[in-house]
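See structure below.
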Amino acid sequence: MKYIEYKEQRKHGTFNFPIAFYHEQPRSPRYHMTYHWHREYEIIHILSGSFHLTVNNETNVYHAGDVIFITDGVLHGGTPVDCVYDCVVFDLQVLMKDNHACAKVIQDITDHKILIHNLLSAHDDSICDLVDGLCAALSSRHAGYEFKVQGFLYQILGTIVEKHLYEQNHDDAVANERLNSIKNVLAYISENYYNSIKLEHLAKIAGMNEKYFCRYFRGMTERTPIDYLNYYRIECACEMLSTKDISIKEVALSCGFNDESYFIKTFHKYKGITPKQFVTSEF
């Protein structure tokens, strides 16, 4: 059973209001952001601590107060450090409904003709205030919050356009092809992490020789392919331990570990505690 998808399958919001809010802190099951992508856009607001985040093939460390904008289809993930952060995931099409005045710009964004800067807070302080208001409205869900949420999103986009916080898109076909190769590898891992996975097979999926694949994959994720596979398995184990009444041995087997003691050792390597300690601290 899959608990975390590289191409996220979970539904964000509802059909009529496809906007979702997530408040993440160290004990949240999804606190560590495994590499993934989705068709929605995402705004990440760092409230405290720092976040080592990779967006496509660019890695940066973000700090309290930073606002990061993630475009649809973009591979992203990373490691928070003593971090508390908010995420707003939304379908940009919700702002297109019967809105002819803004339709052209929104369509250019969805068509990737223009690319919004990843870091917005470095360019305009008002962005932080708008994102604070957006998250507060989504968190409180008071009567009429839907109006406020869409209003804040319009204001954020308006500020982006006003301050020209975007670039014209100039596609790099080779870079895009390599990114798609890594996406294929990650999709395979998400479908098969509980099975035996060999490095040579991952390299074949990527269409690269093993040496180049390892170097490129590590450049993207700062982990070797096998190290990342084990990291992903442990994240799946955390999700399972947080949501299911299941034994540690069953979790180990479900996440691709045939040896329970090796699973416990690997879990401790990535989390600093044993699976049993994780369960007792969670509940």
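Descriptive notes on the structure:
- Among the residues of region 35-53, those identified as assigned to a strand (DSSP E or B), open to solvent by 20 Å² or more (accessible area, probe 1.4 Å) and over 24 Å from residue 224 (Cβ atoms) are 47, 48, 49.
- Residue count, region 97-156 (criterion: in contact (Cβ under 8 Å) with a residue 40 or more places away in the chain, outside any helix (DSSP H, G or I) and open to solvent by 30 Å² or more (accessible area, probe 1.4 Å)): 8
- If only residues of region 247-283 that are among the hydrophobic types (A, V, I, L, M, F, W, C) and open to solvent by 50 Å² or more (accessible area, probe 1.4 Å) are counted, the one that is nearest to residue 78 (Cα to Cα) is 264.
- Members of region 65-84 found to be under 16 Å from residue 31 (Cα atoms), of a type outside the set (Val, Ile, Thr) and more than 12 Å from the chain's Cα centre (by Cα), listed by number: 82, 83
- Any hit, region 161-170, residues being at negative phi, surrounded by 14 or more Cβ atoms within 10 Å (Cβ to Cβ) and part of a helix (DSSP H, G or I): yes
- Residue within region 26-34 that is closer than 24 Å to residue 255 by Cα, modelled with pLDDT of 85 or more and surrounded by fewer than 19 Cβ atoms within 10 Å (Cβ to Cβ) present: yes
- Among the residues of region 54-68, some residue qualifies, meaning at least one is surrounded by fewer than 16 Cβ atoms within 10 Å (Cβ to Cβ), at pLDDT 90 or above and part of a loop (DSSP other than H, G, I, E, B).
- Within region 19-43, the set of residues being under 11 Å from the mean Cα position of the chain (by Cα), over 23 Å from residue 223 (Cα atoms) and among the aliphatic types (A, V, I, L, M) comprises just one member, 43.
- Test: residue in region 61-81 that is at positive phi and not small (Gly, Ala, Ser): no
- Tally of residues being touching a Cys at 6+ places or on another chain (Cβ under 7 Å) and open to solvent by less than 40 Å² (accessible area, probe 1.4 Å) across region 171-196: 1
The values are calculated or read from the model by the stated rules, or taken from the named source; none is laboratory data. Every value quoted in this text rests on a predicted model; they were computed, and no experiment measured them. Cβ coordinates were reconstructed from backbone atoms using ideal geometry, including for glycine residues, and neighbour counts include every protein chain displayed. Quick note on the areas: whole protein, heavy atoms, side chains included, nothing else; ligands and nucleic acids left out. Shrake-Rupley method; radii C 1.70, N 1.55, O 1.52, S 1.80 Å.
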